[in-house]
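Working notes for the structure below.
Please treat every number below as a calculation from the coordinates, not as lab data. Worth saying up front: this structure is predicted, and the values here are computed from it rather than measured. Cβ: placed from backbone, ideal geometry, glycine included. Neighbour counts: every protein chain shown.
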Protein chains: 2
Amino acid sequence: MSETNCHNANQTCWSCPAVEFKGHVDFRACGQAAFRKAAQGQLVVECKRRPEIGYFDPTSITFEHCTEWKKTDNGYLLDGMRVLILGMDGYLGWPLALKLAKLGCKVYGIDNMLRRKLVDDRGAQSVIPIETMEDRVKAANEHLDVEIDFREMDLMDRDSLFAYIKEVQPESIVQFAEIPSAPYSMADVDKACDTIQNNVVGTLGLLFGVRDHAPDASIIKLGTMGEYGSPLTGRPLFEGLFPGDAVLQYKGEEWSLGGELTPRDPVSFYHVSKVQGTFSVYEACKYWWLRSYDVMQGVIYGNQSDELAAHPSLSTRLDIDEWWGTVVNRFVAQAVIGMPLTIYGSGNQLRGYITLKDAMQCITRLIAAPPEPGQYDVVNQVTDVMSVKQIAQTVAKIGAEFGLDTEVQRIENPRVEAEEHPYEVIHDKLKDNFGFASESTFEDEVRGMFQALMQPEAVARINAQESKLFPTTKWSGEVGELKVLETWKPDVPAKEAA
Amino acid sequence: MSETNCHNANQTCWSCPAVEFKGHVDFRACGQAAFRKAAQGQLVVECKRRPEIGYFDPTSITFEHCTEWKKTDNGYLLDGMRVLILGMDGYLGWPLALKLAKLGCKVYGIDNMLRRKLVDDRGAQSVIPIETMEDRVKAANEHLDVEIDFREMDLMDRDSLFAYIKEVQPESIVQFAEIPSAPYSMADVDKACDTIQNNVVGTLGLLFGVRDHAPDASIIKLGTMGEYGSPLTGRPLFEGLFPGDAVLQYKGEEWSLGGELTPRDPVSFYHVSKVQGTFSVYEACKYWWLRSYDVMQGVIYGNQSDELAAHPSLSTRLDIDEWWGTVVNRFVAQAVIGMPLTIYGSGNQLRGYITLKDAMQCITRLIAAPPEPGQYDVVNQVTDVMSVKQIAQTVAKIGAEFGLDTEVQRIENPRVEAEEHPYEVIHDKLKDNFGFASESTFEDEVRGMFQALMQPEAVARINAQESKLFPTTKWSGEVGELKVLETWKPDVPAKEAA
């Protein structure tokens, strides 16, 4: 096993959720720096898993030397680590459950099944058929030999949630139980408010539950690169917090900005809800010594992972409609049914992207290397930065390998966003600190999606929701059709054309 | 009238809520700078109040030269300007209603009367008796000769709210309808979630109502200086947005930070809710060309204004308990009943303060000089920066003028906050751009409060809630009494001692 895969070998019990502080160490402070200093050499802990060790200095044992942490492809992982996935029925929740279970974690999950309902309300559907949660859990047992504990439960039902947290005693909690659609959040006041209510109030409630019932669990919070917006100055999009060597200059004086949250400029009320959640988590870590990684995720695409591939009944959902699909997935679906790929505005908008498979690796690595008590950190979870036009071009090109003749269309932009802007994303931490190495490429993933979506059942499912692929939700709140500005057929290399 | 009082004489119809855009000018953009440039010379408007002018260039008429804008002590004010105050029954809402009505505005308001209920639930009460809203409105008519339109209504009841906005067609909307207590928001999960839900979801709903029914109204949003926290580097606390000459330096390169929101570090979930609201308003201005001033208000104290003084039945509430009172008001009440003034922690925490009277002047001046369409701006509404210890010292000193012999006590800090920190507040905009000049001083205001609170009914009301003055709500969620660390009697100049 390479060094990279053991990225967390040198982490110590200081970060381990199995450790319990003994004696009263009042290490609360308002800055992480102050806290780390205060904590030097004063800590005594006991291990909940190995009480026979007695009291000890938590920095004296590394994961590599602890018998409870086991080597895996994603670094050391706490043996039978209890991970609670909120939103387990979703696009990301389900593949993560399978991956973690396969790695030996004890996986628990809740979902209120809202995503299925909302997609259905829209007259859309997953283009890959998915099973009920009951059948999925059975299939996971049958095909992957894993046990997954699932409860249908609403994040907002705090009594049930807290009881479950108390019962499970999770060592890591993954918060995927949010309504994830930008256009949905802009469609009308009720949808905007539901998004904020579910995402912001839901996450806040969760934080109290963690404080009271699992204060040592790491919280993996899903944010989005869209929290940052795209500053026209071209300044770097740091990973959530200004780095220590970022300096503010003003009227001849200088101050370090290190550790302060960078400015945010979210691009829809959905993204606003993510920024709002960021502040709740950031402060809970400060007030209560909770610990969290806030994941600023690029646009996810694809439907592949080793575990999902084990059997069709394990598939995760794949949405392609205007509200619930994301751009790459929608483009592939459009190409499959011969519909032009619809670019909003200039198509020069740059965004960060990552495959489902890589995203699952990232999250797993974050779980495997928990933050220290009180630590709030942010990672930008992105592998490629591409323009929408580039994406359309590549999807058309790969479509040609499958005999598809694809047009691209620019339409009026329904969103309020800069269409020409720099985009300097820093995304070093996952690679440098967590050992992440991409296992999939854009082209291969798109190829895999074409294979999946050209199956007759998928084609039928795309055709059935064709009218939901073209955007209708305008950020302005206006109603009316979006004009097509331009249509063209991308040059596709002759050898690849059908 | 001095120049200062006519600060907005040179503003033009471009900022006036009575103006309606004609023709389709697509001036949406993602940066204010880009927008201002795009708008140069392209705009044609019509005046809703003076349709006889026909179409014209909105920058060609100033408030000074428009017959609809009338000179007042707070600058030019739109004649009979329709102002909607959300949260009119509150500490700030009521005095603002009286002041604006007296200045000739048509004042409308809603309140769900929640503050009265929550204070009552706490076993506390306003130390100054207040009338029902029905009686207040009658008293305003009788003693100030003004008409105020009040409806009991919940901000979350969007159907009623939107209907009222549609009916009133407000030209300015003041959003005071938020739950304003830091300790309340930290007391338990339900109170935290209620705070976020009311403040954040409530404000978001409002924004849609403004977009759809009063898009030209200016939105005065109440934030708090507590959104910023107190960065230990001592960097300036700018007014919400980085100024144009603030520069980010990183790895040898430089970028302007101008116009980006500064980092926030809110000090309780109540303050988190204010930050969250900031993002909703900021984005609504960007998405929809709404216009807003976000007021980062220092801690308000006092109970005086010219209009409130007109008759006792016009009084505004004055809370002094741990949850609903603020520090200065509480200290005066403690001094009155001979209870030691309770300082949390070191007492060296620096904060910005402003009197009720000055705050009302500030808000009025903001209403009188509306933002441009799409403009989001932030002001720091503060006159004095003081430490808690200084405040205790001064309250004790002034108490001595009233024959009171006051002790000061340091107790364990129930909050999570830095107790020693720099605090460089920039608060220039209200003075420089809006003509604000303070009309009251800390000492005079405290003196006025002693006069009011030493009345027998007030004394009885303080005594009745004595047990609610000493803090019990710990940020940590722990339960248990806070230890007294130190008690002393401040030196009071002999001539002032009783």
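Structure above, values below:
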| quantity | calculated |
| --- | --- |
| B:Thr233/A:Thr233 FRET efficiency (R0 30 Å; Cβ-Cβ; nearest 0.05) | 0.85 |
| Inter-site label distance for A:Thr472 and B:Glu478 at 7 Å from Cα along Cβ, in nm | 5.7 |
| Cubic angstrom per residue, convex hull over Cα atoms of the range A:379-485 | 152 |
| Listed residue pairs exceeding 20 Å between alpha carbons, taken from B:Lys48/B:Lys138; A:Lys357/A:Lys431; B:Lys71/B:Lys106 | B:Lys48/B:Lys138 |
| Calculated FRET value between A:Ser313 and A:Glu407, using beta carbons and R₀ = 30 Å, to 0.05 | 0.25 |
| Leading residue at positive end of dipole, chain A (Cβ point charges), from A:Ala97, A:Thr441, A:Val295 | A:Val295 |
| Cubic angstrom per residue, convex hull over Cα atoms of the range A:230-337 | 188 |
| Extreme residue, positive dipole direction of the protein assembly as shown, given options B:Gln390, A:Ala139, A:Leu118 (C-beta unit charges) | B:Gln390 |
| Evaluated at q = 0.12 Å⁻¹: base-10 log I(q)/I(0), Debye formula over Cα of chain B | -1.11 |
| Average beta carbon contacts from partner chains per residue of A:209-216, 10 Å cutoff | 1 |
| R0 of 41 Å, Cβ-Cβ distance B:Asp120-B:Asp145: FRET efficiency to nearest 0.05 | 0.80 |
| Exposure proxy order (Cβ contacts within 10 Å, fewest to most) of A:Glu443, B:Glu227 | A:Glu443, B:Glu227 |
| Full-extension gain in nm, A:Glu64 to A:Ala464, via 0.36 nm per residue minus C-alpha separation | 138.7 nm |
| Cβ-vector label at 7 Å, A:Asp405, separations to other copies in nm | 10.2 |
| Convex hull (Cα only) mean projected area of the protein assembly as shown, reported in nm² to one decimal | 41.3 |
| Check: the protein assembly as shown dipole with +1 on Lys, Arg Cβ and -1 on Asp, Glu Cβ, in debye | 240 |
| Translational D in µm²/s for the range A:296-453 (Stokes-Einstein at 4 °C, 1.567 mPa s, Kirkwood Rh from C-alpha pairs) | 77 |
| Residue range of chain A that is longest and free of trypsin sites (Lys or Arg not before Pro) which are both DSSP loop and sparsely packed (at most 11 other C-beta within 10 Å) | A:1-250 |
| Qualifying lysines (Cα of each under 16 Å from Cα of A:Lys191; at least 8 residues distant if same chain) | A:Lys117, A:Lys274, A:Lys474 |
| Three-way shape label, the range B:69-216, alpha-carbon gyration tensor, a/c 1.5 | oblate |
| Estimated distance in nm for a label pair at A:Asp428 and A:Asp135, the labels positioned 7 Å out from Cα along Cα-to-Cβ | 4.9 |
| Centre separation in Å (Cα based) which lies between the range A:309-329 and the range A:256-282 | 28 |
| Over chain A, relative contact order from alpha-carbon pairs under 8 Å, at least 6 apart, % | 18 |
| A:Val281, A:Val168 arranged by Cβ crowding within 10 Å, fewest neighbours leading | A:Val168, A:Val281 |
| Dipole magnitude of chain B, debye to nearest 20 (Cβ charges: Lys/Arg +1, Asp/Glu -1, about Cα centre) | 440 |
| Chain B, rotation onto A, residue closest to that axis via Cβ, with its distance in Å | B:Gln276, 2 |
